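Step one of this worksheet: look at the structure below.
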Ligand SMILES: Cc1cc2nc3c(=O)[nH]c(=O)nc-3n(C[C@H](O)[C@H](O)[C@H](O)COP(=O)(O)O)c2cc1C
């Protein structure tokens, strides 16, 4: 059993839906999950957990959601050596397909820049996530569960 922190932002609800599903699956595997919206969170919370999952949608030509940007500016003040991370990025081909799910790539870079360890490749969903909850999201969550 691991202590897992999920930090997410979501304007339209898609990322919230996906992270809630991830939380449910991880809990069903007997992990303890803390589920937090990114707003006003202090990144030093991360040190209390075995694994942190960062999840942001992509907005405005391949950038993080605004609240996540503020969080990351604080995140950059820490070294997360030996801390485990996994990343989720949402997007939609309807908007700026050249930046599809770019939030995942940005978060991966931020984690490795601060010496964090990515336990697996990111979960990227570039369309309405509803139909992927019991397939892609389930598989990814089971993989994460097996790695912590
Ligand atoms: C104004 C706007 C800009 C967007 N820009 C991008 C983008 O650059 N790349 C991308 O993959 N998706 C983009 N999207 C799509 C969202 O990331 C996608 O709808 C996502 O599921 C929203 O997540 P949320 O409901 O959790 O906020 C954009 C959506 C809007 C409304």
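Descriptive notes on the structure:
- Pair-distance distribution of the range 1-83: all C-alpha pairs, bin width 5 Å, starting at 0; shares per bin in whole percent are 3, 15, 25, 23, 19, 11, 3, 0.
- Highest-fluctuation residue, 64, 45, 26 considered, GNM on the chain with Cα pairs under 10 Å: 45
- Rounded to the nearest 5, the antiparallel percentage of DSSP beta bridges internal to the chain is 10%.
- For the chain, calculated [θ]222 nm from helices alone, where every DSSP H run of n ≥ 4 adds -39500 (n - 2.57): -10000 deg cm²/dmol
- Neighbour counts of C-beta atoms inside 10 Å place 95, 59 in the sequence 95, 59, starting with the fewest.
- Taking 1.002 mPa s as the viscosity and 20 °C as the temperature, the Stokes-Einstein diffusion coefficient of the range 35-81 based on its alpha-carbon Kirkwood radius rounds to 185 µm²/s.
- Distance between the modelled labels on residue 138 and residue 113, one decimal in nanometres: 3.7 nm (7 Å Cα→Cβ projection).
- Normalised alpha carbon radius of gyration of the range 100-148 [divisor 2.2 N^0.38 Å]: 1.25
- In terms of surrounding Cβ atoms within a 10 Å radius of their Cβ, 142, 108 rank from fewest to most as 142, 108.
- Relative contact order (percent, whole number), the chain, Cα cutoff 8 Å, 6+ residue spacing: 26 percent
- Comparing 14, 84, 42 in a Gaussian network model of the chain where C-alpha atoms under 10 Å apart are linked, the largest mean-square fluctuation is found at 42.
- In plain terms, the bigger the Kirkwood radius, the slower the diffusion; for the range 1-46, with that radius from Cα pairs, at 37 °C and 0.692 mPa s, Stokes-Einstein puts D at 295 µm²/s.
- Cα gyration tensor shape for the chain, rounded if a/c is under 1.5, else prolate or oblate: oblate
- Candidates 66, 134, 50, ranked by Gaussian network fluctuation over the chain, Cα under 10 Å, top entry: 134
- Likely footprinting exposure, 11, 4, fewest C-beta neighbours within 10 Å first: 11, 4
- Put a dot 7 Å past the Cα of residue 81, heading toward its Cβ, do the same for residue 34, and the two dots end up 2.3 nm apart.
Laboratory data are not the source of any read-out in this text; all were calculated from the coordinates shown. Note that the structure is a prediction, hence the values are computed from the model and not measured. Every residue, glycine as well, gets a Cβ built from its backbone with ideal geometry; the counts of neighbours run over all protein chains shown.
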